[in-house]
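Below is one structure, written out as structure tokens, with a few remarks after it.
The values are calculated or read from the model by the stated rules, or taken from the named source; none is laboratory data. Just so it is clear, the model here is predicted, and its values are computed rather than measured. Cβ placement follows ideal geometry from the backbone for every residue including glycine, while neighbour counts extend to all protein chains displayed. Areas reflect the complete protein model, heavy atoms only, side chains present, ligands, DNA and RNA absent. Shrake-Rupley method; radii C 1.70, N 1.55, O 1.52, S 1.80 Å.
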Amino acid sequence: MQIEVAQPKISIFDFDDYRDYLIKVGMPDGLYSHTSNNLQAWASRLGYKSPSSLTMVLKGQRTPSSDMVRTLSEDLKMTIKEKEYFQLLIQLEKAHKKNKDPKELLLKLSSLNSEKKAISLGLKEFSAISEWYFLAIKQLISTPGFIEDEDWIYKKLRKKATPSQIKNAINIMLEMKTIGRNESGELIVLKEGLLTTNDVPSSAIKRHHFGMINRALEAINEQDVSERQVTSLTMKIKDEDLAEAKQYIFEFIKDFNEKFSTTEANELFQLNMQFFKHTKNIVNQ
């Protein structure tokens, strides 16, 4: 039995290149995927007989026409504000190509995205943070029994990520130099981290947590209790103690990792911790 929690929507405001955004939301398994998320299916959904026009846009060989902007906006269920941001990114690209001053466009983009505190990410960086299996694959590469075979990784990860997703993730991490190859051509981990938390857009972090929480929900039904630990506690806490409580959780996770994490293990485990509020403040009338 597979339980899925709805993924948070990917925000165009987290991208500084509209093509990266389009590929991420429209082609989640990669531009050359042979899954149902492919260019032919997307082009057909947009009303095109051939994927050639869409392919040229995604590859940067042409900019989208006003008609394509309209159909893409409708297909991706963009809000008015998101569509305006999308159109401004296209105009910005045209301005750069014609060596025009982009200052006015940049100001408009900034005003539409005034609440954003994190940096904009490219497609590779966003994928590496938001998709749960990137970190799982990176950790798996460091295990003694790792085999660089998409089908083996697919089975090792309980068939939760497709071979196409696995291949795409490895290629992206190689391009980002998060992983690399040793003199024997074997995959090795070059960077333990990806991006610091303060640099990551909220939608990327949310998607990452949703993915890991989905795996935890599935584990309740699919894994024996000897292989998992699910514990919960409902309690009352004063508002003034919240900061200290959260810090205590951070310290526990750090200590837990230092005590039990090892490079000698062949199996991966996930520790999720959720601390949230059941109730809401109600103002008495």
Listed peptides 137-144, 252-259 by packing density, highest first (mean Cβ within 10 Å): 137-144, 252-259
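Based on the Kirkwood radius over alpha-carbon pairs, what is the Stokes-Einstein translational diffusion coefficient of segment 201-272 at 4 °C with 1.567 mPa s viscosity, in µm²/s? Walk me through the numbers on the way to the answer.
Values: Rh = 15.0 Å.
Here the translational diffusion coefficient equals 86 µm²/s.
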Peptides 263-271, 152-160 ordered by average Cβ neighbours within 10 Å, highest first: 152-160, 263-271
Mean projection area, nm², convex hull over Cα of segment 215-256: 4.2
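With 30 Å as the limit, write out which pairs from Lys159/Lys191; Lys24/Lys246; Lys159/Lys280; Lys97/Lys191; Lys24/Lys97; Lys83/Lys177 have Cα-Cα distances beyond it, or answer none. Let's see the in-between values first.
Values: Lys159/Lys191 26 Å; Lys24/Lys246 33 Å; Lys159/Lys280 39 Å; Lys97/Lys191 35 Å; Lys24/Lys97 24 Å; Lys83/Lys177 33 Å.
In this structure, Lys24/Lys246; Lys159/Lys280; Lys97/Lys191; Lys83/Lys177 lie more than 30 Å apart at Cα.
Highest first, please rank the peptides 104-112, 168-176 by the mean number of other Cβ atoms sitting within 10 Å of their residues.
Values: 104-112: 13.7, 168-176: 18.4.
Packing proxy ranking, top to bottom: 168-176, 104-112.
With every protein chain kept in place and ligands, DNA and RNA left out, what is the accessible area per residue of segment 152-285? Probe 1.4 Å, answer in Å².
Numbers: 10510 Å² over 134 residues.
Value returned for segment 152-285: 78 Å² of accessible area per residue.
With a 1.4 Å probe and all protein chains left in place, how much of the accessible area of the chain comes from carbon and sulfur atoms, in whole percent?
Numbers: 9570 of 18630 Å².
About 51 percent, which is the carbon plus sulfur part of the accessible surface.
State the Kirkwood hydrodynamic radius of the chain in Å, one decimal place, computed from all pairs of distinct Cα atoms. Before the final figure, lay out the partial values.
Numbers: mean 1/r = 0.0459 Å⁻¹.
21.8 Å is the Kirkwood radius here.
What translational D, rounded to a whole number of µm²/s, comes out for segment 122-274 from Stokes-Einstein when the hydrodynamic radius is the Kirkwood one over Cα pairs, at 4 °C and 1.567 mPa s?
Working: Rh = 17.3 Å.
Taking Rh from Cα pairs, D becomes 75 µm²/s.
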Cα-centre dipole for the chain with unit charges at Cβ (Lys and Arg positive, Asp and Glu negative), debye to 20: 1140
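Per-residue ellipticity at 222 nm for the chain, helices alone: DSSP H runs ≥ 4 residues times -39500 (n - 2.57), over residue total, nearest 500 deg cm²/dmol?
Values: 12 runs with 140 residues, N = 285.
Result for the chain, helices only: -15000 deg cm²/dmol.
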